[in-house]
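Chemist: Starting off with a structure, shown below.
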Amino acid sequence: KTIKVQGAWDETLLEGKGGYSAVARELEPGMEYCAHVEVLCKIHGAVKGEMEKLSLPPTCPLVPAPPAVSGKGKTWIKLRWTAPNGRGEAISGYKVEMGEVGRTDGSEGPSDEVHNIVVVYAGPETKCEIKGLRPGVLYRARVLAVNAVGESGYSEFTSVPTASTVPAAPNQPFVAQVGLEWMLVTWMPPQDDGGAAVDSYTLEVHDGSQEGFMVKYNGPENQFLLTKVIPGHKYGLRVKARNANGMSSFSPVLEATGVCGPPSAPGQIRQAGPPSPLSPQITWTP
């Protein structure tokens, strides 16, 4: 005997000899199939049995393909994906997870580690918009599908970087060292570089004149030696940072006073008035 199990599209899925059962493999869950048994003999030839309908129970959806970026800004990203095969049940929704890429141990250098993974979307659409992200940060996102049976596995991650922006304003500068007629002004890099490396700083100084703040330094260093400082004179100091996207706003203003040194020697002593052996009168210039 030769037993054939055929699909509704008349393709042989399994062929075997000498048995009363057959197993058809790699069928699609939730699909309806038709099968019949065909007996071949030397006398009567082929004898076909009645066609029977076979149904497989549905199961979880197939894993979706990774989501694609359909739009992005400094603090938002739009994602889109294609619905996978529901495998016998209509897909009722999706979940999207997203996390940041980078190191969490404080060490330097590139890293593919994805951390702070959270669900950013759960719903029936095949697209979503995620807001409230940080500029210039590389995120990774993945999606799964849901039907009445359960959830598929998650797709592979997709890299989704946000656009970079200008840096945040640096903190208030400070005077690291001071001397007679000079002060070393120092500042720290901004806490948020906007997603692009800071390449220069601008230091402005206000000496109380009508000209207002004047640029004293523009360059990559985070300190500047300010000279020709007038002892006891008050100065206003502020700094801003620059990256490829432009300048940050200014830091808070630091008010610093030039250090006061000892006075210079008085002028020459001179006799004042007529000479007197008991009470001479002398004078000098400051």
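The values are calculated or read from the model by the stated rules, or taken from the named source; none is laboratory data. Because the structure is predicted, anything quoted here is derived from the model rather than measured. With ideal geometry, Cβ positions are generated from the backbone for all residues, glycine too; neighbour counts draw on all protein chains shown. Surface accessibility is based on the protein's heavy atoms, side chains included, excluding ligands, DNA and RNA. Shrake-Rupley method; radii C 1.70, N 1.55, O 1.52, S 1.80 Å.
Chemist: Report the residue count in segment 1-46 for those that are within 60 Å of the chain's Cα centre (by Cα), hydroxyl-bearing (Ser, Thr, Tyr) and at pLDDT below 75.
Modeler: Looking only at that region, the number is 2.
A quick yes/no check of all residues on (1) within 18 Å of Val253 (Cβ to Cβ); (2) surrounded by 15 or more Cβ atoms within 10 Å (Cβ to Cβ); (3) of a type outside the set (A, V, I, L, M):
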| residue | (1), (2), (3) |
| --- | --- |
| Ser155 | no, yes, yes |
| Gly179 | no, no, yes |
| Met188 | yes, no, no |
| Asp193 | no, yes, yes |
| Ala197 | no, no, no |
| Gly232 | no, no, yes |
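Chemist: When you look at Val137, is it under 21 Å from Ala163 (Cβ atoms), at pLDDT below 90 and touching a Phe, Trp or Tyr at 6+ places or on another chain (Cβ under 7 Å), yes or no?
Modeler: In short, no.
Chemist: May I ask you to list pairs of residues, at least six apart or on different chains, whose Cβ atoms are under 7 Å apart, with the first in segment 257-286 being closer than 30 Å to Lys234 by Cα and the second being surrounded by 10 or more Cβ atoms within 10 Å (Cβ to Cβ) and modelled with pLDDT under 75?
Modeler: Matching pairs, first to second residue: none at all.
Chemist: I would also like to ask the following. Name every residue in segment 42-62 that is in contact (Cβ under 8 Å) with a residue 12 or more places away in the chain and either closer than 30 Å to Pro135 by Cα or in a strand (DSSP E or B) (or both), in order of residue number.
Modeler: Passing the criteria: Lys48, Glu52, Lys53, Leu54, Ser55.
Chemist: Looking at segment 261-279, can you tell me whether even one residue there is within 15 Å of Trp187 (Cα to Cα) and exposed (fewer than 15 other Cβ atoms within 10 Å of the Cβ)?
Modeler: No, because not a single residue in segment 261-279 is within 15 Å of Trp187 (Cα to Cα) and exposed (fewer than 15 other Cβ atoms within 10 Å of the Cβ).
Chemist: Here's a check for you: in segment 247-260, which residue that is among the small types (Gly, Ala, Ser) and assigned to a loop (DSSP other than H, G, I, E, B) is most open to solvent (accessible area, probe 1.4 Å)?
Modeler: Checked segment 247-260; the qualifying residue most open to solvent (accessible area, probe 1.4 Å) is Ser249.
Chemist: Let me ask another. Restricting to strands (runs of 3 or more DSSP E) lying wholly in segment 115-210: which have 1 or more residues that are more than 30 Å from Ala83 (Cα to Cα)?
Modeler: Qualifying strands (runs of 3 or more DSSP E): 174-179, 182-186, 200-206.
Chemist: Sticking with this structure for a sec: If the requirement is being in contact (Cβ under 8 Å) with a residue 24 or more places away in the chain and at positive phi, which of these qualifies: Gly232, Gly179?
Modeler: After ruling out the rest, the residue left standing is Gly232.
Residue-wise test of (1) under 14 Å from Val160 (Cβ atoms); (2) within 40 Å of the chain's Cα centre (by Cα).
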position	(1), (2)
Lys48	no, no
Lys53	no, no
Pro61	no, yes
Ala65	no, yes
Gly71	yes, yes
Arg80	yes, yes
Val101	yes, yes
Val114	yes, yes
Tyr121	yes, yes
